[in-house]
1. Looking only at residues in the range 20-54 that are part of a loop (DSSP other than H, G, I, E, B) and aliphatic (A, V, I, L, M), which one is nearest to the ligand (Cβ to nearest atom)?
2. For the range 134-242, list the strands (runs of 3 or more DSSP E) that sit wholly inside it and hold at least 1 residues that are over 30 Å from residue 259 (Cβ atoms) and β-branched (Val, Ile, Thr); which are they?
3. Filter the range 210-219 for residues that are surrounded by 16 or more Cβ atoms within 10 Å (Cβ to Cβ) and not β-branched (Val, Ile, Thr); which is nearest to residue 297 (Cα to Cα)?
4. Any idea which of (1) in a strand (DSSP E or B); (2) under 20 Å from the mean Cα position of the chain (by Cα) is the one residue 249 doesn't satisfy?
5. Across the range 114-125, what is the number of residues that are charged (D, E, K, R) and within 14 Å of the ligand (Cβ to nearest atom)?
6. Please name all residue pairs, on different chains or six or more residues apart, with Cβ atoms under 6 Å, provided the first residue is in the range 267-292 and is modelled with pLDDT under 95 and the second residue is not in a helix (DSSP H, G or I).
7. Hey, residue 375 hits all of (1) of a type in the set (Asp, Glu); (2) buried (at least 23 other Cβ atoms within 10 Å of the Cβ); (3) within 30 Å of residue 270 (Cα to Cα) but one; which does it fall short on?
8. For the condition more than 17 Å from residue 227 (Cα to Cα) and of a type in the set (A, V, I, L, M, F, W, C), what is the one hit in 265, 261, 298, 329?
Amino acid sequence: MPESSRSSPADACDLVVVGAGAAGMMCAAVAAQRGRRVVLIEHARRIGEKIRISGGGRCNFTNVSTGPRHYVGRDPEFAAQALGAYTPRDFVALVRRHRIAFHEKHRGQLFCDHASSAIVDMLRAECERGGVRWLHPCRVHALRPGPRGFELDTDAGALRSARVVVATGGLPVAAIGATDWALRLARSLGLDVEPPRPALVPLRFVAEDFAPFAQLAGVALQVRASCEGASFDEDLLFTHRGLSGPAVLQVSSYWEPGRALGLDLGCGTDLAGLLRQAQQGSRQSLLGVLAQVLPRRLAQAWLDQQGLDGARRVAETGRAALERLAGALSAWSPRVAGTEGWNKAEVMRGGVATHELDPRSLEARRVPGLHFIGEAVDITGWLGGYNFQWAWASAHAAARSV
Ligand SMILES: Cc1cc2nc3c(=O)[nH]c(=O)nc-3n(C[C@H](O)[C@H](O)[C@H](O)COP(=O)(O)OP(=O)(O)OC[C@H]3O[C@@H](n4cnc5c(N)ncnc54)[C@H](O)[C@@H]3O)c2cc1C
């Protein structure tokens, strides 16, 4: 077990991997199984902690339909090579070899049937199989590129390594080990970094825009949420404090101050058409028609807020008022006050700029022998297992190249 195996550092090795999270363990295991002498360094008390807390404790470890379009960043196409070389099918084969039971939840999302710690145990076993040497817990104080590789100063003494893979992840959830080490290191070596921002994060809404709906806590519906050209059909949940659920998390990755959020509460339904149809001699009330598409409580609150009487017949309501009603429901744009920040974010947007890296190996073009993988890179997945698949694939790409 790594916790108890504080090995003394090898004076020299082929590869040092910094960070024993999803990407770091995968990379160390694959490189070691290819015969490389690998040292894996982790500073936190427990390894793979984000895997353990992921997916509500069941780890949504991949998505069967992963492709570059499921990622956000300056150049999502950068991810295509690594994702193509190590696919969800490859990771599923590994999971099956370790006899970890899993199921598809929806939209290609694969979750463990039982505790996500099975994935941590699997990666640890793969590291053991390759003979990875652990330095844990251990901090890296300095890393210097030299003529024959890299020199590292660590809690456990000095290390020399031909190559270094930085797998220290992003900034979310500092309490379990997250740091900005990768970004500071990249900057110190003159590499460009895209500004880090919380992503897949709950948003805070301007209180005044939300006040009319405060009593709707618990109401959920599928909506079409959009921001900056990206659009998601996902569930939206009204809470005591605002709006939440997958719809908000997905668009949060595209939001930044000054950008508007759009919510189509009818999720693509032609509400204007529906109301026009109901006008043709039917006896239906406004509330009755809206409740065909929206939860009744939401329909009622919306009509109240628009000053419309829900009991009134659609046939007796003017065309212009119906158009306004449909328009407002399909393009609601509550103002966003900010995000809930790093402690509530699932991932980091931004990171080491992809133009600094070779897409086949994740090696820094300007610092040969140094690789950045996983969340530290400016490739951020949608909700649904895409972030882990990027961690596995980028780790694999780096490991195959060292
Ligand atoms: C609550 C939550 C739920 C999530 N659920 C899912 C999910 O279900 N599916 C999905 O695809 N993604 C999910 N994610 C995102 C996913 O966990 C990350 O994208 C993924 O773990 C990134 O892998 P990584 O190896 O790059 O970083 P990490 O897994 O974060 O690993 C980085 C490691 O580096 C260590 N480290 C940091 N700094 C140093 C340092 N200076 N020296 C040594 N070690 C260091 C850290 O302690 C950590 O162990 C979730 C995230 C959170 C926060």
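1. 44
2. Values: elements: 140-146, 149-154, 157-166, 193-199, 203-205, 220-227, 230-238.
Once the strands (runs of 3 or more DSSP E) in the range 134-242 are filtered for at least 1 residues that are over 30 Å from residue 259 (Cβ atoms) and β-branched (Val, Ile, Thr), what remains is 140-146, 149-154, 157-166.
3. To start, the set of residues in the range 210-219 that are surrounded by 16 or more Cβ atoms within 10 Å (Cβ to Cβ) comprises 210, 213, 216, 219.
From what is left, the residues that are not β-branched (Val, Ile, Thr) are 210, 213, 216.
Numbers: 210: 15, 213: 10, 216: 7 Å.
Here the residue is 216.
4. (1)
5. Taking the range 114-125 as the starting set, the residues that turn out to be charged (D, E, K, R) are 121, 124.
From what is left, the residues that are within 14 Å of the ligand (Cβ to nearest atom) are 124.
Within the range 114-125, residues that are charged (D, E, K, R) and within 14 Å of the ligand (Cβ to nearest atom) number 1.
6. As it stands, the answer is 278/284, since those pairs meet every condition given.
7. (3)
8. Details: 265 fails: more than 17 Å from residue 227 (Cα to Cα); 261 fails: more than 17 Å from residue 227 (Cα to Cα); 329 fails: more than 17 Å from residue 227 (Cα to Cα).
Among 265, 261, 298, 329, only 298 is more than 17 Å from residue 227 (Cα to Cα) and of a type in the set (A, V, I, L, M, F, W, C).
The values are calculated or read from the model by the stated rules, or taken from the named source; none is laboratory data. All values reported here derive from a predicted model rather than from experimental measurement. All Cβ positions, even for glycine, are placed from backbone atoms using ideal geometry, and neighbour counts span all protein chains on display.
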